Structures are given as structure tokens and as C-alpha cells.
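Data first, discussion second: the structure below is written as C-alpha cells.
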């Protein structure tokens, strides 16, 4: 199973790919670390973002996209553009999209005792939340 963890931050969808094969996970190489909305969140720009992400899904044979849920209000609330990006991802065809709450992510990582030294993954620091989201999802199946 190949999943793509996503953390939405501003105009960016930070991503981390993760494979689960025979109870082992692997981080495949990926040509991009984030997919960004280039300008304002116009319909044209959102369609381009969605098309770019759909191409990524097709090229890397991603089966599931796991999005880290953001609060709708409060100090860490997601902005309007982030929710538009989330909707664009949820409307992709040919791939299952799951929104995972941070509490469930934390719980899954703790319960399954999966500890990975993030520094050894080769990912950039801004990908950490996306990686943990993907790892939490695949660790639920172990």
C-alpha cells in the first residue's frame, strides 16, 4: 500500500510518501516535497493545483491520501485557502482521501510503538507533520 501524508500550511500541501509492504515501511523517492497554489485561490489556480496533485497520484501510484486535519477555529485554525486546498484534494477521483485528526495521529503513533528518528528519513523538516500523518495511518494496519 502506498499512501501520501499531507499537511496543509498556507498555500502549500506539504507531502510525504510512504509504502507499507510486508509489515515494513519505506519512504520512496519523490520529485516534489510540496504542491503549492501559485497565486490567489481562483478557480483556475485551484484546478491547476488539483491537476498537479492528480498527476502526482498517478505517477507514484498513490492509493490513499491522508490529510492532517486542522481546527476550524481557535489559535491554530486553518485559513480559507487551506480549506479550499483540502476540498480540491477530497474531490480527486481514483484515490481515497482520508482526513485524520491530530489526536488520532498521536494516539496511533503511541499505541503502535512506532518510533522513527525523523532526522534519518532524509525528509525536510517541513515534511515532518505529513510524514507522521502517513506513518500513523499505516501503523494502524500493523
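The values are calculated or read from the model by the stated rules, or taken from the named source; none is laboratory data. Only a predicted model underlies this, so the values are computations on that prediction, with no experimental measurement involved. Reconstructed Cβ throughout: ideal geometry from the backbone, glycine too, with neighbour counts over all protein chains shown.
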Checklist line | Yes/no for residue 67 being crowded, with 18+ Cβ neighbours inside 10 Å and not in a loop (DSSP other than H, G, I, E, B) | finding: yes
Check: Pick from 74, 79, 113: which is farther than 15 Å from residue 6 by Cα and touching a residue at least 24 places away in the same chain (Cβ under 8 Å)?
Finding: 79
Next item on the list: Only residues in region 50-64 that are at negative phi count as the first member; pair them with residues that are at pLDDT 95 or above and part of a helix (DSSP H, G or I), Cβ under 6 angstrom, at least 6 apart or cross-chain, and list the lot.
Entry: 50/88
Next item on the list: Select from region 8-49 the residues that are in a helix (DSSP H, G or I) and either without any contact (Cβ under 8 Å) to a residue 12 or more places away in the chain or more than 19 Å from residue 98 (Cα to Cα) (or both) and list them in ascending order.
Entry: 43, 44, 45, 46, 47, 48
Next item on the list: Quickly run through region 111-123 and pick out the residues that are assigned to a helix (DSSP H, G or I) and touching a helix residue (DSSP H, G or I) at 6+ places or on another chain (Cβ under 7 Å).
Entry: 118
Next item on the list: Can you give me the number of residues within region 38-77 that are over 15 Å from the mean Cα position of the chain (by Cα) and closer than 22 Å to residue 128 by Cα?
Entry: 5
Margin query: Going through 88, 108 one at a time, which residue ends up being modelled with pLDDT under 95, part of a helix (DSSP H, G or I), within 19 Å of residue 133 (Cβ to Cβ) and touching a helix residue (DSSP H, G or I) at 6+ places or on another chain (Cβ under 6 Å)?
Written below: 108
Notebook entry, point to check: Just one of 83, 76, 126 is part of a helix (DSSP H, G or I), at pLDDT below 95 and surrounded by fewer than 17 Cβ atoms within 10 Å (Cβ to Cβ); which is it?
Noted result: 83
Checklist line | Answer from 25, 53 - the residue that is farther than 16 Å from residue 88 by Cβ, surrounded by 15 or more Cβ atoms within 10 Å (Cβ to Cβ) and touching a strand residue (DSSP E or B) at 6+ places or on another chain (Cβ under 9 Å) | finding: 25
